[in-house]
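Comments concern the structure below.
The values are calculated or read from the model by the stated rules, or taken from the named source; none is laboratory data. None of the values given here were measured: they were computed from a predicted structure. So basically every Cβ, Gly included, is an ideal-geometry build from the backbone, and we count neighbours across all protein chains shown.
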Amino acid sequence: MVLLEYQELELLITRVREISGFDFSGYARPSLLRRASRYLAKHTMNLSELYVHIEQGGKAVYDFIQELTVNYSEMFRDADFFIALRSEVLAYLASYPAIRLWVAGCASGEEAFSLAILLKEAGLFERSLIYGTDLSERVLASAREGVFGLGHMRTFSENYMLAEGKRSLSDYYHVAYNQAVIDATLRKNIVFSLHDLTGDGVFNEFQMVSCRNVMIYFNLEQRQKVFKLLYESLGMFGFLCLGKRETLRYSGFEENFRIINAHLNIYQKIK
Amino acid sequence: MTEPHSNPLNLVLMGGSSGSFVIFEQIVKLATKPLSCAVIFIIHRGKSSLANLPYLFKGKTTVKMEEPQHLDPIKNDCIYFAIPDYHLLVGPDERFYLDDTEKDFFSRPSINATFISAAQSGINIRAAMLFSGASQDGAAGLKLIAERGFATYVQNPDFAEMPRMTAEALSQYNGHHILNRENIFEEIRSVLYST
């Protein structure tokens, strides 16, 4: 296995920025080092070959960036999170005539579709609009199609059952050409668009922002910037949902939120 | 007047899987007085495991125990346990980093992930140890740590409940110290309290 060292990683980050404009400087170095080393192993490259690859620019450098930033997800990941949303957040959201939710770092849409199902079963979906954003156009294209391999649907169905779903997950997709296609009725109130949490700004005001397992990509300084963006994107009394192991610690916004669920890191903006 | 300087960080890394839990409990019990190192345990657990190891081991040691979160600083005199479903990485800035890239040998947390990141961090590793388990995880990381000049130990496969993990480590690198049944805990205690 080829292992990169930190100095080599820094040179790589600089070169990627020069060639593509994409800036990894706010990303957590230990994870980047691991991901970049795995990229080399997967593509049986050494560092020199990776440089040659990146120098090609275009699709080649984009592929590298994509593999280092892609956020792996599942529908109804952490079932207890969805149970808590149903019992502790939805009643509040129901008081709004129009509900805007943002799934930041949505990858191929798993969480956005999960929220859509949750809202549908609570009778709120018709007046909801879910924005799913990611910095990768490739995963967004996949999200817009709403297509998943059947192999994944087994895990997703198990998660849905654990999340106390009211029906069967198969009620929300159909199978075509050995793949699961999320029903168009669920997709109609979801907008998938490009957004880079490290560079782009506020684009709307939301009643709920879900940004789960994304903060672990960033270093301390960048993490604070992203928290500021999420804070400014929330309306007063809006909800911020983080990953199961991501707290507001070191965010600089600890005082601006009250804890709705400490175990699941659901917070409400109070000032 | 000079500022009192804190002791430099030293890591003691422990990895294990099936059959290691009992050993880990015994090791925790060895920590009977303050440690001049941070002890980091990585044990394979399913993603839905709710076991809170600091809680389970409460009362077995007087040393502080934690399940670290992303960016928590790593400190001497603390025992850390990797949480399920994330790799636990050691950063050169002496902080923990959580990572959710794919599993190594079907495991997240993976022992290799922590061991390799620690070896690359530049932080002093007093020792790294590998115990019973049924997978190949940990072997590559332990080898890297040994190659960088740090002390490495494996439980003798002959008395490991699941010998595959330590046997794999020895097959990849034969310079690891062997922890035998007769003296395993004496040796570990002397590592924990060496200076």
Evaluation of A:S193 against (1) more than 19 Å from A:V70 (Cα to Cα); (2) part of a strand (DSSP E or B) (one fails), failing number: (1)
Of residues in segment A:25-39 being of a type in the set (S, T, Y) and more than 7 Å from every other protein chain (Cβ to nearest Cβ), the one farthest from B:G141 (Cα to Cα): A:S25
Hits in segment A:3-18 - residues which are of a type in the set (A, V, I, L, M, F, W, C) and away from chain B (no Cβ under 11 Å): A:L11, A:L12, A:I13, A:V16
Output for segment B:74-108, where each listed residue is under 14 Å from the mean Cα position of the chain (by Cα), among the β-branched types (V, I, T) and at the interface with another protein chain (Cβ under 10 Å from one of its Cβ atoms): B:I83, B:V90
Subset of segment A:235-264 (residues that are part of a helix (DSSP H, G or I) and in contact (Cβ under 8 Å) with a residue 24 or more places away in the chain): A:N256
Those helices (runs of 4 or more DSSP H) lying entirely in segment B:20-129 with at least 2 residues of a type outside the set (S, T, N, Q) and touching a Gly at 6+ places or on another chain (Cβ under 7 Å): B:21-30, B:111-121
Check on A:N178, surrounded by fewer than 21 Cβ atoms within 10 Å (Cβ to Cβ), farther than 23 Å from A:L93 by Cα, among the polar types (S, T, N, Q) and touching a Phe, Trp or Tyr at 6+ places or on another chain (Cβ under 7 Å): no
Considering residues of segment A:234-256 that are crowded, with 21+ Cβ neighbours inside 10 Å and away from chain B (no Cβ under 14 Å) only, the residue nearest to A:G199 (Cα to Cα): A:L234
Elements of type strands (runs of 3 or more DSSP E) contained in segment A:72-153, each with 3 or more residues being over 16 Å from A:F239 (Cβ atoms) and in contact (Cβ under 8 Å) with a residue 24 or more places away in the chain: A:128-134, A:147-149
Check on A:R86, in contact with a helix residue (DSSP H, G or I) (Cβ under 8 Å, 6 or more places away or on another chain), surrounded by fewer than 22 Cβ atoms within 10 Å (Cβ to Cβ) and at pLDDT 95 or above: yes
Scan of segment A:180-220 for residues that are more than 14 Å from chain B (Cβ to nearest Cβ) and among the basic types (K, R), ordered by number: A:R187, A:K188
Unmet criterion (only one of (1) at pLDDT below 95; (2) within 14 Å of another protein chain (Cβ to nearest Cβ)) for B:L56: (2)
Test: residue in segment A:41-64 that is buried (at least 17 other Cβ atoms within 10 Å of the Cβ) and within 14 Å of chain B (Cβ to nearest Cβ): no
Test: residue in segment A:29-36 that is of a type in the set (S, T, N, Q), part of a helix (DSSP H, G or I) and under 13 Å from A:E67 (Cβ atoms): yes
